[in-house]
1. Based on DSSP H runs of at least 4 residues, each adding -39500 (n - 2.57), what is the mean residue ellipticity at 222 nm of the chain after dividing by all its residues, to the nearest 500 deg cm²/dmol?
2. Please work out the Cα center distance from region 16-35 to region 39-71, rounded to the nearest Å.
3. Report, in debye and to the nearest 20, how large the dipole of the chain comes out about its Cα centre when Lys and Arg carry +1 and Asp and Glu carry -1 on their Cβ.
4. In the chain, with Lys and Arg counted as +1 and Asp and Glu as -1 at Cβ, which of these residues, Ile167, Ile67, Phe97, has the Cα nearest the positive end of the dipole, that is, farthest along it?
5. At 7 Å along Cα-to-Cβ for each site, give me the label-to-label distance between Ile90 and Phe47 in nm.
6. Within the set Lys25/Lys74; Lys74/Lys152; Lys72/Lys173; Lys74/Lys143; Lys25/Lys118, which residue pairs have Cα atoms separated by over 26 Å?
7. Sort all Cα-Cα distances of the chain into consecutive 10 angstrom bins from zero, then give the percent of pairs in each bin up to the one containing the longest distance.
8. Just order 35-46, 172-183, 89-100 by mean Cβ neighbour count inside 10 Å, highest at the front, would you?
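What follows is calculated from the coordinates using simple rules that are stated; it is not laboratory data. Everything numeric in this text was worked out from a predicted model, so none of it was measured. Methodologically, a virtual Cβ is constructed for each residue, glycine included, from the backbone with ideal geometry; neighbour enumeration extends over all protein chains shown.
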Amino acid sequence: MKKLKENFIPLLYILTIPISNIFYKILNTPERGVYSLSTEFDSKLPFIKEFIIPYIIWYPFIFILLIYIFYKDKRIYFRTLISLNLGLIICYVIFYFYQTTVIRPEVNETDIFSSSVKIIFSNDSPYNCFPSVHVITTYIVMKGVQATTDNKLVLKIVNIIGILIIISTQFVKQHVILDLLAGMILGETAFAISMLGIFREGILWKKKQFSLLTMKKKLEG
């Protein structure tokens, strides 16, 4: 039972992410007014349908890496989850007050890449763009892995896939460049804030150890 609590139940906290996705669905509408952050840079970026593959990989990428972080370092796991939820909450607040949209290309081909793009387009309305949820969550999980391991192969694989996911938001025309930049800045900020708790936790743990040691000496002496 103890092993179950230590090794399985904490993993259930990952469900806070899909649960919070309810707010994403509710807010993903143009009813509150819509703004565009598209720039000349965005208009020059081509639509590359093949980038739908890393875009879709985002879904397992986040959860697989959270499980990896959990088994490597539980403190970093909880801090990564905290920063993810903090980042998502901030995103939802922004979506409510400042809803943006992206103009999507018309996709008429029937190959596997085009079909995949059409599925994503049909299941995700072109709102909730600034900042990019894809970018902020990918960035935070990458930071979590970097704080967990120094295995160069793991870091290289995670960074390559993460970067591909982040830039895929541009080439499949789900986001504009400002969405990407805001996602990275917000991700960095949320992760930095959540990591402060580790130092407080460490100080409290040391104080607790000191108190217990002092009490033990008094009882013995």
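1. Result for the chain: -24500 deg cm²/dmol, rounded to the nearest 500.
2. Region 16-35 and region 39-71 have Cα centres spaced 19 Å from each other.
3. On the way: 24 positive and 15 negative charges, 328 e Å.
Dipole magnitude for the chain comes out near 1580 debye.
4. Checking the options against the dipole of the chain, the answer is Ile67.
5. 3.2
6. Working: Lys25/Lys74 30 Å; Lys74/Lys152 20 Å; Lys72/Lys173 35 Å; Lys74/Lys143 15 Å; Lys25/Lys118 18 Å.
Correct reply: Lys25/Lys74; Lys72/Lys173.
7. P(r) for the chain, in whole percents per bin: 8, 29, 32, 18, 8, 4, 2, 1, 0.
8. So the peptides 35-46, 172-183, 89-100, ranked by packing, come out 172-183, 89-100, 35-46.
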